[in-house]
Amino acid sequence: SPEAVLEADVALVGFSRGAREQTREVARYLFENFYRHCEVLRMASTAERTLRGIWNAYLEDPEQLPSQALERRVGDTWERPIADYVSGMTDRFAIDEYRKLFDAGADV
C-alpha cells in the first residue's frame with residue numbers, strides 16, 4: 001500500500017549494483033575533470049565577484065536601480081528589491097551592469 005511504502009525503513013527501489021558503480025564513476029570523472037577544472041573555478045569566482053559588486057553598489061546607493069525596482073521597496077530595507085532585480089539578470093546583462101557601475105569608460 002502507499003502507506004507501507006512511506007513507512008518503509010529501507011529503500012524499496014534503486015539502481016542495480018552495476019548501475020550504481022557506473023554512476024559513481026561518471027560522478028567522480030565529472031568532479032575531477034569538469035567541476036573542479038581551473039577554468040570553471042575561475043569563471044565561478046568571477047561570477048561571484050561580479051554579483052557581489054553589483055549587490056554592494058545597489059545597497060550603498062539604491063538610486064542606481066531602475067524605477068521599477070525602486071518601487072518594490074517595502075519598509076526600510078532594500079534587500080528584497082535588489083535580490084529580485086539581480087536574480088532576474090542574464091549573464092550578459094550582469095556583466096554589462098558591472099561595467100557600467102565600475103568602469104568609468106563603459107557606455108552608460
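The values are calculated or read from the model by the stated rules, or taken from the named source; none is laboratory data. Because the structure is a prediction, the values reported are computed rather than measured. Here the Cβ positions follow ideal geometry from the backbone for every residue, glycine too, while neighbour counts run over all protein chains shown. For the accessible areas, the whole protein counts, side chains as well, though only heavy atoms, and no ligand, DNA or RNA atoms are used. Shrake-Rupley method; radii C 1.70, N 1.55, O 1.52, S 1.80 Å.
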Next item on the list: Would you mind getting the accessible area per residue of the chain, heavy atoms of the protein chains only, 1.4 Å probe, in Å²?
Entry: 82 Å²
Item checked: Listed peptides 8-19, 38-49, 94-105 by packing density, highest first (mean Cβ within 10 Å) -> 94-105, 38-49, 8-19
Next item on the list: Quick one: order Glu25, Glu79 from most to least accessible surface, probe 1.4 Å.
Entry: Glu25, Glu79
Next item on the list: Report which label in (i) 1.11; (ii) 1.74; (iii) 0.96 holds the value of Cα Rg over 2.2 N^0.38 Å derived from the coordinates of this structure.
Entry: (ii)
Notebook entry, point to check: Where a ≥ b ≥ c are the square roots of the eigenvalues of the C-alpha gyration tensor, would you call segment 48-108 rounded, which needs a/c under 1.5, or, failing that, prolate if a/b is larger than b/c, or oblate?
Noted result: prolate
Check: Using a 1.4 Å probe, how large is the accessible area of Tyr29, given in Å² and rounded to the nearest 10?
Finding: 140 Å²
Notebook entry, point to check: Name the trypsin sites (Lys or Arg not before Pro) in segment 61-93 that are in a loop by DSSP and that have at most 14 other C-beta atoms within 10 Å, would you?
Noted result: Arg72
Notebook entry, point to check: Fully extended, how many nm does the chain gain between Arg42 and Phe15 (0.36 nm per residue separation, minus their Cα-Cα distance)?
Noted result: 6.2 nm
Notebook entry, point to check: Can you work out ³J(HN,Hα) from phi for every residue in segment 73-83, in order, using Karplus 6.51 cos²θ - 1.76 cosθ + 1.60 and θ = phi - 60°, giving whole Hz and x for Gly and Pro?
Noted result: 4, 10, x, 9, 10, 9, 4, 5, x, 5, 4
Checklist line | About the Cα centre, charge dipole magnitude for the chain (Lys/Arg +1, Asp/Glu -1 at Cβ), debye | finding: 440 debye
Check: Val74 to Val26: extension gain in nm, 0.36 nm per residue of separation minus the Cα-Cα distance?
Finding: 12.6 nm
Notebook entry, point to check: Short version: ³J(HN,Hα) in whole Hz for each residue of segment 14-29, in order, from phi by Karplus 6.51 cos²θ - 1.76 cosθ + 1.60 (θ = phi - 60°), x for Gly and Pro, what are they?
Noted result: x, 6, 5, 4, x, 5, 4, 5, 5, 4, 4, 5, 5, 4, 4, 4
Check: By the gyration tensor of its Cα atoms, with a ≥ b ≥ c the square roots of the eigenvalues, what is the shape of segment 1-62: rounded for a/c under 1.5, prolate for a/b over b/c, or oblate?
Finding: oblate
Next item on the list: Compute the long axis of helix 38-60 from its Cα atoms, compare it with the longest principal axis of the Cα atoms of the chain, and write down the angle in degrees, 0 to 90, nearest 10.
Entry: 40 degrees
